[in-house]
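To keep things clear, I will list the structure first and then write my remarks on it.
Read-outs throughout are calculated quantities, based only on the coordinates presented, and are distinct from any laboratory measurement. Everything numeric in this text was worked out from a predicted model, so none of it was measured. Positions of Cβ are generated from backbone atoms using ideal geometry, with glycine treated the same way; all protein chains shown enter the neighbour counts.
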Amino acid sequence: GLLKVDKEPVTVLVTGAAGQIGYALVPMIARGLMLGSNQPVILHMLDIEPAAESLKGVKMELIDAAFPLLRGVVATTDVVEACKDVNIAVMLGGFPRKEGMERKDVMSKNVSIYKAQASALEEHAAADCKVLVVANPANTNALILKEFAPSIPEKNITCLTRLDHNRALGQISEKLNVHVSDVKNVIIWGNHSSTQYPDVNHAVVTTSNGHKPVRELVADDNWLNTEFITTVQERGGAIIKARKLSSALSAASAACDHIRDWVLGTPKGTWVSMGVYSDGCYGIQSGLIYSFPVTCDKGEWNIVQGLKIDEFSREKMDKTAQELIQEKKLAMSCL
Ligand code: NAD
Ligand code: LMR
């Protein structure tokens, strides 16, 4: 049957679109996985000169895929053209981490890119543009973008920790042999780095007898307090070791989840993790982009308040905050 689609298209920018996450992400966006199956989209794809030819090839494939929701494709190396009237910006552009590098090793290469692109977004994007930074160091790149785009509301600038959140759900699901969609309300606190704290203290599993705490179902406290945490913290590195490339399909999928929940809302009783501008809650110093549990409604995220934090969690939440403070200093000194 013919489905009448008459919504105004939403313009989505993907930077670094010729890269490996971009190649997985743009078809997801064009299929409606990010903004909904009845939401037409216009894709703006930005990359740099050495990747221009490859970016053209991606555009050709998007046309060849004949996506019903795709109303236009711009492939460009001009940051001004790329940012023009953009409603959603997904920032993948940058230099990825290679085997043996920590995410902060890519710092100096990436912060200067984020400073320049902040200005272009500020001047040319839609006033209510929502920004998701994926490129590493994701939290600090997002912070630099925020600092150098003062007219973009700070609530509109976020970074991706949804991949870590989904990884945590996946580990619990495997351990308990339950469906991943029956696990919810894990939390990723802090930095998208190996100091992040994946917290299961409030996580639950939906069973035939209602919700059961993960802490009750996983009898092995030791696993939850050690191996579970390090597996999630080090999963990015494990993927790099196995693929010789960093995660791409899972990162693209998490980016869709992040934007979809932000724009369309989180399901009732469910929270997700997002890297957002801290306001001092949970004792995390303000002025950092730190991952918190959030619920989203009508295009706005709000940090889940009032969760009880035990001593074990407190120490880990502070440690990852300390790393972000150091990264912020280092980033500022690179500029
Ligand atoms: P990639 O190297 O395949 O692609 C990056 C693309 O960015 C390349 O095409 C490159 O030409 C382009 N680029 C470089 N400088 C640019 C600039 N100034 N403007 C526009 N484009 C530019 O890398 P990838 O595997 O697609 O990963 C992208 C980024 O995402 C990396 O920084 C990676 O570390 C990060 N990452 C983050 C997460 C997360 O969960 N936050 C997960 C996976 C990967
Ligand atoms: C990931 O978490 O997979 C990415 O951030 C890549 C990396 O550097 O670990």
ask   = Binned at 5 Å from 0, what are the whole-percent values of the Cα-Cα distance distribution for region 268-323, short to long?
value = 4, 18, 28, 27, 15, 6, 2
note = Given backbone amide H placed at 1.01 Å from N, residues whose amide H is under 5 Å from that of H211, ignoring those fewer than 5 places away on the same chain, are none
query = Add -39500 (n - 2.57) for each DSSP H run of 4 or more in the chain, then divide by its residues: what number comes out at 222 nm, to the nearest 500 deg cm²/dmol?
reply = -12500 deg cm²/dmol
remark   = Mean Cβ-within-10 Å packing, highest first, puts peptides 138-145, 105-112, 53-60 in the order 138-145, 105-112, 53-60
task = First measure r as the distance between the Cβ atoms of T270 and K241, then evaluate 1/(1 + (r/R0)^6) with R0 = 41 Å and state the FRET efficiency to the nearest 0.05.
result = 0.80
key: Taking the convex hull of Cα positions in region 185-278, its mean projected area over all directions (nm²)   = 7.7
query = Rounded to a whole number, what is D in µm²/s for region 1-130 from Stokes-Einstein with the Kirkwood radius over alpha-carbon pairs (20 °C, 1.002 mPa s)?
reply = 140
message = Over the Cα atoms, compute the radius of gyration (one decimal) and Dmax (the largest Cα-Cα distance, rounded to a whole number) for region 71-196, in Å.
response = 16.7, 49
key: Signed unit charges on C-beta, dipole axis of the chain, positive-most listed residue V276, G190, A238   = A238
ask   = Of all DSSP beta bridges in the chain, what percent run antiparallel (nearest 5)?
value = 50
task = Could you tally the net charge around A65, taking each other residue with its Cβ under 12 Å from the Cβ of A65, Lys/Arg +1 and Asp/Glu -1?
result = 0
request  = Under a cut-off of 18 Å between alpha-carbon atoms, report the lysines in cross-link reach of K98, not counting same-chain residues fewer than 8 places apart.
outcome  = K109, K241, K244
inquiry  = Between D64 and V180, what is 0.36 nm times their sequence separation minus the Cα-Cα distance? Round to one decimal in nm.
reply    = 38.4 nm
Lysines with Cα under 21 Å of K268, excluding same-chain neighbours fewer than 8 positions away = K184, K212, K298, K308
task = Kindly write out, for region 268-276 in residue order, the coupling ³J(HN,Hα) from the Karplus curve 6.51 cos²θ - 1.76 cosθ + 1.60 (θ = phi - 60°), rounded to whole Hz, with x marking Gly and Pro.
result = 4, x, 10, 10, 10, 9, 9, x, 9
key: Calculated SAXS-style log₁₀ I(q)/I(0) at q = 0.14 Å⁻¹ - region 157-240, Debye, Cα scatterers   = -0.44
note = The answer for the net charge of residues other than L13 whose Cβ lies under 10 angstrom from its Cβ, with Lys and Arg +1 and Asp and Glu -1, is 0
task = Take the Cα gyration tensor of region 195-335, multiply each eigenvalue by 5, square-root it, and list the three semi-axes largest first, rounded to whole angstrom.
result = 24, 21, 19
key: Computed label-point distance, nm, for sites K329 and M28 using a 7 Å Cα→Cβ extension   = 3.6
remark   = Within region 78-107, the residues whose backbone N lies under 17 Å from a label point placed 7 Å from the Cα of D128 along the Cα-to-Cβ direction are 85-89
key: For the chain, alpha-carbon Rg over 2.2 N^0.38 Å   = 0.97
